[in-house]
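Novice: Handing you a structure now.
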Amino acid sequence: MVEAFLEYLKQFSTSPLSIEEKALLDQAFIPSRLRKRQYLVQAGEPCRNFAFIVKGSMRQYIVDEKGIEHIVQLGVEDWWMGDRESWVKGTPSVYNVDAWEDTQMLLITRQSALELLKKVPAFNEMTCQLDERNNIANQRRLTSSISSQAEKRYAEFIDWYPELAERFPQHLIASYLGITKDTLSRVKRQRMQK
């Protein structure tokens, strides 16, 4: 499974990995699997590992006082999943992260990631680029959620994440967008009529 990550890493660096760097990456990542609905992280527990999805899909969500799930993040192949705050600080997570489909992944601890940042320039470059992309995506999502109507939010979601729209059911996408399933159905019908 580490080969999938090595291939992914190539897009972030023009320099090829040395044999030593490949060995460090191989040692740092732990191949793992989750069955559908099995947890990577449960609310109240610390996030000990971050996951790179090799095959499958996952979701990150919070459950409110009424028992309603609110989707924070959806992920598919070549995406990272976990509770970053909990992973960095070692504090209990407020989120659940579970597999939406049977999932193959590579796990990495915070300590291993810090070592790779020091010793593998390509990993450091990847992390910087992903942090920038993540900040941009979070800023876009926040702006959209506080200022856009449901129609625009859905259109942006389809434009930005077409692979997620194909893999996840309507009720999860609606939750991610902060709208009801009925509203999403109406928005989709209106788009098809145009």
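Novice: Which distance in Å, rounded to a whole number, links the C-alpha centroids of segment 1-66 and segment 98-156?
Specialist: 12 Å
Novice: I would also like to ask the following. With the dipole of segment 1-159 worked out from charges on the C-beta (+1 for Lys and Arg, -1 for Asp and Glu) around the Cα centre, which of LEU142, VAL120, VAL54 lies farthest toward the positive end?
Specialist: LEU142
Novice: Taking square-rooted eigenvalues a ≥ b ≥ c of the alpha carbon gyration tensor, is segment 91-147 rounded, prolate or oblate, where a/c under 1.5 means rounded and, failing that, a/b exceeding b/c means prolate?
Specialist: Oblate shape, in that a/c is at least 1.5 and b/c is the bigger or equal ratio.
Novice: Taking a threshold of 30 Å on the Cα-Cα distance, which of the pairs LYS22/LYS55; LYS66/LYS194; LYS66/LYS152; LYS66/LYS188; LYS10/LYS55 fall above it?
Specialist: LYS66/LYS194
Novice: When a/c reaches 1.5 or more, the comparison of a/b and b/c decides; with that in mind, is segment 15-79 rounded, prolate or oblate per its Cα gyration tensor?
Specialist: prolate
Novice: Which value, in Å² rounded to 10, gives the accessible area of HIS171 with a 1.4 Å probe and all protein chains present?
Specialist: Rounded to the nearest 10, that gives 90 Å².
Novice: Still on this structure: Where in the chain are the DSSP H helices whose C-alpha atoms run 24 Å or more along the long axis and whose mean Kyte hydropathy is at least -1.0?
Specialist: Within the chain the helices that satisfy the rule are 121-147.
Novice: Turning to a different aspect of this structure: Taking only protein heavy atoms into account and a 1.4 Å probe, give the accessible area per residue of segment 99-184 in Å².
Specialist: Spelled out: the 1.4 Å probe surface of segment 99-184, per residue, equals 55 Å².
Novice: Relative to the Cα centre, what is the charge dipole magnitude of the chain, using +1 at the beta carbon of each Lys and Arg, -1 at the beta carbon of each Asp and Glu, and rounding to the nearest 20 debye?
Specialist: Once rounded to the nearest 20, the dipole reads 660 debye.
Novice: Can you compute the helix-only [θ] at 222 nm over the chain? Use -39500 (n - 2.57) per DSSP H run of at least 4 residues, normalise by all residues, nearest 500 deg cm²/dmol.
Specialist: -15500 deg cm²/dmol
Novice: Let me check I've understood the local charge: for ASP26, count other residues with C-beta under 14 angstrom from its C-beta, Lys and Arg +1, Asp and Glu -1. What total comes out?
Specialist: Net charge in that neighbourhood comes out at -3.
The values are calculated or read from the model by the stated rules, or taken from the named source; none is laboratory data. Treat the numbers as computed from the prediction; the structure is a model and nothing was measured. No Cβ is skipped: glycine too gets one built from the backbone with ideal geometry, and neighbour counts run over all protein chains shown. Just the protein is used for accessible areas: all its heavy atoms, side chains included, with ligands, DNA and RNA removed. Shrake-Rupley method; radii C 1.70, N 1.55, O 1.52, S 1.80 Å.
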